[in-house]
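Novice: Here's a structure for you.
FYI, it's all coordinate maths here, none of it is from the lab. Being a predicted model, the structure only gives us computed values, none of them experimental. All Cβ positions, even for glycine, are placed from backbone atoms using ideal geometry, and neighbour counts span all protein chains on display.
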Amino acid sequence: MRWIATLIFFLAVILSALTTIPVIVSMILCFTVVSKSPKIFILAILGGLLIDVFFLRIPGSTSLFLVIFAFMIFLYQKRFEIQTYVFVFIGTFLGSVIYLKIFGYDEIFLQSLVSSLLALFLFRVFNRFNVRKNEP
């Protein structure tokens, strides 16, 4: 699972750098929901720094957003059931809208919708690997 997560992480960073769809937001949400590990913050910082370098932005701006986004998910896990498709869809949609609005992109609704659908797919894949890992 570790090498698959690493591969998906780097693919998400590259796709986020090549397209305007915030793939990194989908990936961070799915990793946070499935693993519930504090190591997500390291991925958020590294992924954000790489995205900032690719887009020639102030280093740390994307990292700050992703860390706050992951922190908010950890806060909501005590109040809501976060391992559902509905939470993943709505959480990614709202996170993508905010991300795209902050960084000044166009076509926010369509890009957020695509990002949310991608998050649903990633969530399903991660859940399958997570279930197989726990089986005897």
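Novice: So which chymotrypsin sites (Phe, Trp or Tyr not before Pro) in the stretch 8-89 end up in coil per DSSP with only 15 or fewer other C-beta atoms within 10 Å?
Specialist: Loop-located and lightly packed - F80.
Novice: Let me ask something additional. Order by neighbour count: S35, S63, fewest other Cβ atoms within 10 Å first, most last.
Specialist: Ascending number of Cβ neighbours within 10 Å: S35, S63.
Novice: About its Cα centre, how strong a charge dipole does the stretch 2-127 have in debye, to the nearest 20, once Lys and Arg get +1 and Asp and Glu get -1 at the Cβ?
Specialist: About 400 debye.
Novice: Now, a different point. Using only Cα atoms and rounding to the nearest 10 degrees, what angle (0 to 90) does helix 23-35 make with the longest principal axis of the chain?
Specialist: With rounding to tens, the tilt is 20 degrees.
Novice: Starting from the Cα gyration tensor of the stretch 2-127, take the square roots of the eigenvalues, sort them a ≥ b ≥ c, and report rounded, prolate or oblate (rounded when a/c is under 1.5, otherwise prolate if a/b is larger than b/c, else oblate).
Specialist: Rounded shape, in that the Cα axes give a/c under 1.5.
Novice: Turning to a different aspect of this structure: In the stretch 40-100, which trypsin sites (Lys or Arg not before Pro) are in a loop and have at most 11 other Cβ atoms within 10 Å, using DSSP for the loop call?
Specialist: K78, R79
Novice: Mind sorting I58, I28, I82, I102 by how few other Cβ atoms lie within 10 Å of their own Cβ, fewest first?
Specialist: In increasing order of surrounding Cβ atoms, one gets I58, I102, I82, I28.
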